[in-house]
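*Asks:* Okay, here's the structure, questions in a sec.
Each value in this text was obtained by applying a stated rule to the coordinates, not by laboratory testing. Computed from a predicted structure; not experimentally measured. Backbone-built Cβ (ideal geometry, glycine too); neighbour counts: all protein chains shown.
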């Protein structure tokens, strides 16, 4: 596969490689594509979560927001973490 970049992008790529951040242009492009793929996957998980939320709202499976509800959720999460239980949904983890 042969790629042609705009001058400004080509300059950016060369600067990153010359700075030592990447060892070559191919490594930079692979990293960029990986980041794009990961962001797309996160977006798809977000959309799926929204669909689930919409379905739960439509079927009446909701709970009004309150500080007590959030504290209850936090206590349950801390308890599970202390027991070494794995998180079922990675979307609730910071930085996921």
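*Asks:* On the given criteria, is residue 5 assigned to a loop (DSSP other than H, G, I, E, B), surrounded by 12 or more Cβ atoms within 10 Å (Cβ to Cβ), at negative phi and in contact with a helix residue (DSSP H, G or I) (Cβ under 9 Å, 6 or more places away or on another chain)?
*Replies:* yes
*Asks:* What about residue 42, is it in contact (Cβ under 8 Å) with a residue 40 or more places away in the chain, surrounded by 10 or more Cβ atoms within 10 Å (Cβ to Cβ) and either closer than 28 Å to residue 88 by Cα or more than 24 Å from the chain's Cα centre (by Cα) (or both)? Give the steps one after another, and end with the answer.
*Replies:* Numbers: in contact (Cβ under 8 Å) with a residue 40 or more places away in the chain: yes; surrounded by 10 or more Cβ atoms within 10 Å (Cβ to Cβ): yes; either closer than 28 Å to residue 88 by Cα or more than 24 Å from the chain's Cα centre (by Cα) (or both): yes.
Yes: the conditions hold for residue 42.
*Asks:* Pick from 81, 32, 58: which is over 30 Å from residue 1 (Cβ atoms) and surrounded by 10 or more Cβ atoms within 10 Å (Cβ to Cβ)? Don't jump to the end; show me each part of the working.
*Replies:* Numbers: 32 fails: over 30 Å from residue 1 (Cβ atoms); 58 fails: surrounded by 10 or more Cβ atoms within 10 Å (Cβ to Cβ).
One residue alone meets the criteria, 81.
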